[in-house]
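As structure tokens, the structure follows; a few thoughts come after it.
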Amino acid sequence: MQVFEWFGPRKDGRISVAKSDERSGRPSQSRNGEVIANMHDWVKADQRPTIREVAEEKRNFFWLGAREFKVKVLGIRRACVGKFVLLLLTAEQRDRRGFVASNWVECAEADENFFKNSISVYFSFAVLFTLMCMGFSMSFGIGHRNSCLSSKAPNPGRVDTSRQLKQLRARLKAMALDAFIITRDDEHQSEFPASRDRRYAYISGFSGSNGIAVITRKRGAALWTNGRYFLQADIQLSCDWLLMRVGQPGVPHLMKWLIDVLPENSTIGADPKLVSNSVWNEWLSKIGNSSISLVEVFENPVDRIWNSTTGRPPHSPYQAYVLLERFSGRKWEDKVKELRGKLAAEGADAIVVTALDEVAWLLNIRGYDVPNNPMVHAYIIVTSSSVNLYVNESKLSPEVKAHLKAQNCYSELCTQIHSYDALVGDLKTNQQKWKKVLLPSRGYFSLGASRAIYLAIPQEKQLAMPSPIIFMKARKNKIERDGMRRAHIRDAVALCDFLAHFEESVSMMAAGKQWNELQVALDLDQFRREQNFSRGPSFPTIAGFGPNGAFPHYSPSESSNVLQIDGSSTLLLDSGGHYLDGTTDVTRTIHLGKPTDFEREAYTRVLMGSIQLASLVFPYDVPMNSIDVLARGPLWEAGLNYLHGTGHGVGAFLSVHEGPISISYTEGNLTFQEGYFFSDEPGYYHEGQFGVRLENVLEVVKKQTKHRSDGQYFSFVPVTYVPYEPKLINVKMLSPQHRQWLNDYNTKVRTLVGAELKRQHRMKGFYWMMDKTGYVSEHEPSSVGGSINVTALLLVAMHIVVFSFHT
């Protein structure tokens with residue numbers, strides 16, 4: 001095993017690296033001072049290597065940063081032979097900072113006595129971090145790519161974006177920018193941007209719904225994403241990208257990374273129309289007193305290289321339409337009156353409504369401008385005397401204009417139509433007559449208004465707070481609640497009918513068609529479209545078989561590694577539909593063969609957690625985040641977990657992910673309200689093998705308890721009624737309470753969904769449903785006891801902590 005040590009800087013200002021003797025670890029006299037891999041050509045103060053240059057040189061060198069450090073080279077730890085470790089001390093803080101490879105953290109945390117040599121030098125140029133692991137594949141600690149190891153064949157789902165990166169870097173040079181940040185957002189910070197607004201996907205090839213891409217002119221490109229997409233991003237990104245796994249040890253904030261890799265006085269650009277003001281301010285705080293500057297770039301360089309000739313999709317040509325009161329349950333004028341009351345209470349003269357679901361909800365209109373969401377690109381400014389809609393007027397039919405009272409109407413409840421692009425200019429003009437303007441800030445699944453909108457209002461007139469519409473639309477009225485229940489019954493009919501057809505077809509596979517994940521998604525979407533009031537899927541269907549099921553948000557496509565489905569593993573199926581009277585989101589995991597013991601255990605523990613959360617009865621002031629432990633408890637007891645939240649709000653023919661509801665022990669301390677709808681979706685993902693997730697939508701209802709000593713109590717009622725997979729349930733693990741809940745649930749499935757299946761003459765789906773909802777004995781002994789009691793104790797403990805904190 002060869003070991004390398006530092007001997008720089010040399011007299012010519014370059015770094016010298018020598019190979020040490022294999023046995024003693026001392027420098028080989030014959031090689032002392034010899035420069036390895038032509039590094040002297042790379043490490044001049046004014047010439048630093050790019051990631052591509054390092055890769056082309058096929059050497060194990062990796063460029064980390066460009067700041068003045070006092071570098072203490074502590075050599076090779078005896079327990080980490082073959083892994084080169086540097087401890088970096090900032091000249092100001094003298095903090096030990098160990099940059100090491102993934103899972104090698106212990107090498108940097110050890111006492112300095114473990115290291116052999118100690119040399120202190122000052123570098124006025126960037127620091128090189130060398131990882132030497134002779135005889136092993138290279139693995140980087142920060143941004144490393146598991147799927148890019150030399151021993152692995154290229155993944156068929158990988159997207160080559162080298163051309164886009166080259167063109168963008170040319171644009172950055174022309175604009176005197178050293179780096180450019182590309183968020184996944186459109187001008188409204190939408191969850192599902194239109195295809196033409198997915199700039200970060202065009203540049204990176206990554207199709208997930210969470211990510212930020214950073215492209216530097218000379219220091220490579222990196223993408224930050226969260227735990228839902230670690231595996232997917234590693235497969236889709238080409239190997240000239242770093243993958244920053246947010247939340248994992250050692251992964252820096254994007255601004256911290258840029259400060260480290262860019263030279264002093266560098267300029268970072270971003271489009272202020274596509275970044276929320278809250279995020280922009282966060283970036284500025286991370287930059288702090290650094291010499292790096294962040295500037296607004298209103299002419300997006302991506303738009304210069306991505307156009308109709310290079311495949312950019314056009315705008316949606318479809319018009320908006322009216323959501324009738326029989327579905328909305330309330331006139332838009334009444335909603336505006338309530339909103340004006342909230343503005344007056346806050347002392348605001350106006351509000352700028354930027355989120356598309358808020359625009360749609362407030363005016364009772366829907367559209368086709370973004371995928372998987374019934375929304376139209378528009379803004380609204382509401383004042384005490386006017387309603388102003390900023391939209392492409394071609395989107396508005398005569399019916400919609402009449403609904404909005406947009407013609408020959410001059411009262412405070414008439415809608416004035418303006419050009420979509422006139423918003424910022426009108427804000428700059430009209431702010432002169434306003435004292436306070438409510439500008440939405442980040443919170444509750446909303447990123448808030450963009451930096452560009454905030455720049456249009458003087459800071460002293462800005463009232464930054466989460467939009468009050470978030471809470472107004474989350475609490476469904478009676479008609480919306482009834483509609484959500486009916487929509488979920490029809491949705492269950494579609495899913496039962498499809499699964500019956502699918503399982504029968506697979507069992508006859510030798511004589512019929514072969515099924516893959518993409519075909520499952522397409523066929524299920526078609527079954528939903530056959531239902532009354534259907535308006536398409538509420539998000540791209542997730543159909544992950546076997547190892548693809550371990551991607552929490554895997555979505556099959558023509559470019560992904562689509563697998564043929566058989567009886568060898570689980571199929572995770574997460575899907576939902578939009579209907580005029582509601583939105584659905586349901587996940588079931590099935591198995592077409594004989595599941596393993598561990599697959600059954602994982603499924604059963606996930607089911608137990610789902611049941612425990614759904615069974616909760618609680619006082620009105622219990623924080624949302626505290627109930628997360630109920631769903632995770634059965635998994636935690638076995639040392640298992642999942643890297644996503646347990647639940648999110650669901651809109652009424654709006655966004656499938658709706659604020660302010662978030663069920664996660666790491667965030668959020670709001671309380672529930674009657675009429676909230678949210679998902680209950682624990683899971684488990686065994687990387688490279690299989691995934692399990694079970695998801696129901698629950699409604700928050702008032703609960704009449706035997707005794708009431710401290711105010712109103714609530715409970716949850718499922719509105720999703722789709723059978724579970726009996727062969728994946730280890731009944732012996734279920735407590736009597738679990739079994740009783742499951743029997744009650746199956747009875748409701750038979751009653752509610754069964755009646756609708758028969759009414760629609762879908763008898764194949766009916767008999768399939770009946771076969772999956774058999775009675776489970778409630779009195780057999782349980783092999784896993786006490787889960788509800790244990791997690792209830794955890795809940796009480798967390799509630800006490802929260803209560804103590806607030807008091």
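Results, tabulated for the structure shown:
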read-out: The range 197-228 - residue that is more than 21 Å from Trp257 (Cβ to Cβ) and touching an Asp or Glu at 6+ places or on another chain (Cβ under 9 Å) and, of those, modelled with the lowest pLDDT; value: Ser209
read-out: Test: Leu413 is on the phi < 0 side of the Ramachandran plot and not in a loop (DSSP other than H, G, I, E, B); value: no
read-out: Residue, farthest from Ala320 (Cα to Cα), within the range 397-417, restricted to residues that are without any contact (Cβ under 8 Å) to a residue 40 or more places away in the chain and polar (S, T, N, Q); value: Ser411
read-out: Residue within the range 174-185 that is at pLDDT below 95, surrounded by 21 or more Cβ atoms within 10 Å (Cβ to Cβ) and of a type outside the set (D, E, K, R) present; value: no
read-out: Residue in the range 738-758 that is assigned by TED's automatic domain parsing to the domain that holds Thr773, free of Cβ contacts under 8 Å to residues at least 24 places away in the same chain and within 31 Å of the chain's Cα centre (by Cα) present; value: no
read-out: Qualifying residue in the range 286-302 (condition: without any contact (Cβ under 8 Å) to a residue 40 or more places away in the chain, closer than 19 Å to Leu172 by Cα, of a type in the set (A, V, I, L, M) and part of a loop (DSSP other than H, G, I, E, B)); value: yes
read-out: Any chance Arg475 is crowded, with 18+ Cβ neighbours inside 10 Å and of a type in the set (Lys, Arg); value: no
read-out: Residue count, the range 716-765 (criterion: among the aliphatic types (A, V, I, L, M), closer than 25 Å to His501 by Cα and in contact with an Asp or Glu (Cβ under 6 Å, 6 or more places away or on another chain)); value: 1
read-out: Selected residue [over 27 Å from Glu687 (Cα atoms) and assigned to a helix (DSSP H, G or I)] from Arg228, Arg163, Arg219; value: Arg163
read-out: Helices (runs of 4 or more DSSP H) (entirely within the range 692-807) containing at least 1 residues that are of a type outside the set (Phe, Trp, Tyr) and modelled with pLDDT of 95 or more; value: 736-748, 754-759, 763-772
read-out: All positions within the range 147-156 that are surrounded by fewer than 20 Cβ atoms within 10 Å (Cβ to Cβ) and modelled with pLDDT of 70 or more; value: Asn155, Pro156
read-out: Flag if Asn641 is out of contact with any strand residue (DSSP E or B) (no Cβ under 7 Å at 6 or more places or on another chain) and either surrounded by fewer than 19 Cβ atoms within 10 Å (Cβ to Cβ) or part of a helix (DSSP H, G or I) (or both); value: yes
read-out: Selected residue (only one of Val650, Val606 is under 18 Å from the mean Cα position of the chain (by Cα), of a type in the set (A, V, I, L, M) and crowded, with 23+ Cβ neighbours inside 10 Å); value: Val650
read-out: Complete set of residues in the range 537-549 that are surrounded by fewer than 21 Cβ atoms within 10 Å (Cβ to Cβ) and either polar (S, T, N, Q) or in contact with a His (Cβ under 8 Å, 6 or more places away or on another chain) (or both); value: Pro537
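The values are calculated or read from the model by the stated rules, or taken from the named source; none is laboratory data. The structure presented is a predicted model; accordingly, all values stated were derived computationally and were not measured. Counting neighbours? That spans all protein chains shown, and the Cβs are built from the backbone with ideal geometry, glycine included.
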